[in-house]
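S.K.: Handing you a structure now.
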Amino acid sequence: MAKVFLVRNRRKRLEQGHPWVYQSEVERIEGEYEPGDMVDVVNHQGHFLAKGYINPQSQMIVRILSYRPDEEINQEWVTARVRQAWTFRQRFLPGIRSCRVLYGEADFLPGVVVDKYEDVLVVQILSLGMEVRKDWLLQALLDVFSPRAVYLRNDVHVRGLEGLEQDKGFWYGESETEIEIEENGLKLVVDIENGQKTGYFFDQRENRSAIAPIMIGWGAEHGISLQPVEEEGETVMKPVDKRGKVIKNPFWDGAEVLDCFTHTGSFTLNACKHGAKKVTTLDISDHAIETAKQNVQRNGFLHRVNFVVANAFDYLREAVKENKQWDVVILDPPAFAKSRGAVKGAVRGYKDINLNGLKLVREGGYLVTASCSYHMSPEQFQETIQEAAVDAKKMLRLIHWSGAGLDHPKLTGIDEGDYLKFAIYEVTSR
């Protein structure tokens, strides 16, 4: 194999477990190779460090597959990696039927993502090295999962950075393109053909469950209390409003919630499941709202949800002007910073929505906020939220902080794994 020599004065990222070699780290390449071939990566003295596939067109010129010089990369190796990834999910998510089953570098198969929706797999191949070995990948998926169908979602712009064309469609078998899955005991329909990414975002599974404790206990804040009431000759405890009128709504103690950037309605579903009284569900996409509505109806929550098609930035500003308030405000936007140069603009965007979101939280209520921009560090995200709180004249108490779920493991030694930041703050005035 060809050898990629690294520069002497470099940060020892590879030795710390980072799975990429950047163009700027390469001193020279010795030997013949074709783009996508396996190469050895050596230090400036020629000592072996790792092996991976090379693509001179990409800024990540080598993606690492192995740290063992004698390890052969073949069909059996790929199948073993896929099986290892699935065994990991079955251990930490026992009984799971729908989740991310292959997470690229974090599962030691760089440049490929596979999501499992019941018995259908959706695949994104994001690197040239995996593209030229895609037959091995397909055979591995068939051997490990025996799926009914495999759908390719190679319609992402990052393939262009690898010199690859975009396409999508069935790779193996056939199935419907709208698939019902279950998550956190809720039923959802996922559009694998036209939905964002592969159709659904599994990375927030545990975070969606984390909102459960803040969905009930709001009766007193809404002027409702339990009072003794005479009913058919007996005294029973009933929820009663300030005028003494008995409340018949079974969700009288539930939160009033604003869910922005709802996508498929996943946070709305979890809010309703855990007792929310009323949820205003917002997205700029008609398709997203229609999908969310179908999911809400499928779970029997339609009478508790109000759907709004609107730009979240505009809606939040207008809601502040109209003095609207909710017990819980949820902000789960798409990535605002898709490159390092976009971070400054992204910070302004995150501050804008969180500033107005904070103003819309009732006293003692909660802000649920997230960022999936991996170019924005966790520290920078927290600082941005704090700056928004200062401007909104609010005090924040951090209740919950987390990242991506168990099916999105993170390699230490690679900062890019901290892409998802998720927080729940208690909000009070100052």
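The values are calculated or read from the model by the stated rules, or taken from the named source; none is laboratory data. What you see is a predicted model; the values in this text were computed from it and never measured. Every residue, glycine among them, receives a Cβ derived from its backbone with ideal geometry; neighbour counts consider all protein chains shown. What goes into the accessible areas is simple: the full protein's heavy atoms, side chains included, and nothing from ligands, DNA or RNA. Shrake-Rupley method; radii C 1.70, N 1.55, O 1.52, S 1.80 Å.
S.K.: Of Ala85, Ala80, which residue is in contact with a helix residue (DSSP H, G or I) (Cβ under 7 Å, 6 or more places away or on another chain) and farther than 14 Å from Thr198 by Cα?
M.R.: Values: Ala80 fails: in contact with a helix residue (DSSP H, G or I) (Cβ under 7 Å, 6 or more places away or on another chain).
Going through Ala85, Ala80 in turn, the sole match is Ala85.
S.K.: Additional query: Identify all residues within the range 1-10 that are buried (at least 16 other Cβ atoms within 10 Å of the Cβ) and in contact with a His (Cβ under 8 Å, 6 or more places away or on another chain); write none if there are none.
M.R.: Phe5, Leu6
S.K.: Do we have any residue at all in the range 387-403 that's under 28 Å from Lys321 (Cβ atoms), surrounded by 19 or more Cβ atoms within 10 Å (Cβ to Cβ) and under 16 Å from the mean Cα position of the chain (by Cα)?
M.R.: Looking through the range 387-403, none of the residues is under 28 Å from Lys321 (Cβ atoms), surrounded by 19 or more Cβ atoms within 10 Å (Cβ to Cβ) and under 16 Å from the mean Cα position of the chain (by Cα).
S.K.: If you don't mind, another one. Across the range 199-225, what is the total count of residues that are surrounded by fewer than 15 Cβ atoms within 10 Å (Cβ to Cβ), at pLDDT below 95 and in a loop (DSSP other than H, G, I, E, B)?
M.R.: 1
S.K.: Filter the range 404-430 down to the residues that are open to solvent by less than 40 Å² (accessible area, probe 1.4 Å), assigned to a loop (DSSP other than H, G, I, E, B) and either without any contact (Cβ under 8 Å) to a residue 40 or more places away in the chain or hydroxyl-bearing (Ser, Thr, Tyr) (or both) and list them by number.
M.R.: Listed by number, the list holds a single entry, Tyr419.
S.K.: Would you mind listing the strands (runs of 3 or more DSSP E) fully within the range 226-295 where at least 3 residues are buried (at least 19 other Cβ atoms within 10 Å of the Cβ), touching a strand residue (DSSP E or B) at 6+ places or on another chain (Cβ under 9 Å) and touching a residue at least 40 places away in the same chain (Cβ under 8 Å)?
M.R.: It comes to 256-260.
S.K.: Something else about it: Take the range 11-42 and flag every residue that is open to solvent by 70 Å² or more (accessible area, probe 1.4 Å) and more than 17 Å from Ser66 (Cβ to Cβ).
M.R.: Result: Arg11, Lys12, Ser24, Glu27, Arg28, Glu30, Glu32, Glu34.
S.K.: Given the residues Glu182, Glu105, Glu176, which is the only one that is touching a strand residue (DSSP E or B) at 6+ places or on another chain (Cβ under 8 Å) and surrounded by fewer than 17 Cβ atoms within 10 Å (Cβ to Cβ)?
M.R.: When all the criteria are applied, what remains is Glu182.
S.K.: Can you pull out the residues in the range 21-66 that are closer than 26 Å to Leu138 by Cβ, in contact with a Leu (Cβ under 8 Å, 6 or more places away or on another chain) and not in a strand (DSSP E or B)?
M.R.: The answer is Pro35, Gly36, Asn55, Gln57, Ser58.
S.K.: Mind telling me which of the residues Ser127, Ser146 ends up being among the polar types (S, T, N, Q), more than 22 Å from Gly405 (Cα to Cα) and surrounded by fewer than 18 Cβ atoms within 10 Å (Cβ to Cβ)? So that I can check it myself, show each step before the final result.
M.R.: Values: Ser127 fails: surrounded by fewer than 18 Cβ atoms within 10 Å (Cβ to Cβ).
Criteria check complete, one pass: Ser146.
S.K.: Suppose we filter Phe92, Phe108 for residues that are touching a residue at least 12 places away in the same chain (Cβ under 8 Å), under 30 Å from Tyr33 (Cα atoms) and not β-branched (Val, Ile, Thr); which single one remains?
M.R.: Phe108
S.K.: In contact with a Lys or Arg (Cβ under 8 Å, 6 or more places away or on another chain) and more than 23 Å from Ile211 (Cα to Cα): is that true of Met395 in this structure?
M.R.: no
S.K.: If you check Val21, Val4, Val114, Val120, which single one turns out to be aliphatic (A, V, I, L, M) and more than 31 Å from the chain's Cα centre (by Cα)?
M.R.: None of the others qualify; the one that does is Val4.
S.K.: Of the numbered conditions (1) in contact with a Gly (Cβ under 7 Å, 6 or more places away or on another chain); (2) at pLDDT below 95; (3) charged (D, E, K, R), Arg8 fails exactly one; give the number of that condition.
M.R.: The one condition Arg8 does not meet is (1).
S.K.: Still on this structure, I have one more. Run down Gly169, Gly163 and say which single residue is among the small types (Gly, Ala, Ser), surrounded by fewer than 20 Cβ atoms within 10 Å (Cβ to Cβ) and assigned to a strand (DSSP E or B).
M.R.: On the way: Gly163 fails: assigned to a strand (DSSP E or B).
Result: Gly169 is the single residue among Gly169, Gly163 that is among the small types (Gly, Ala, Ser), surrounded by fewer than 20 Cβ atoms within 10 Å (Cβ to Cβ) and assigned to a strand (DSSP E or B).
S.K.: Which condition from (1) at pLDDT below 95; (2) in a loop (DSSP other than H, G, I, E, B) is the one that Glu15 breaks?
M.R.: So the condition that Glu15 fails would be (2).
S.K.: Which residue, of Arg133, Arg148, is closer than 23 Å to Pro94 by Cβ, at pLDDT 95 or above and not hydrophobic (A, V, I, L, M, F, W, C)?
M.R.: Just a single option satisfies the conditions, and that option is Arg148.
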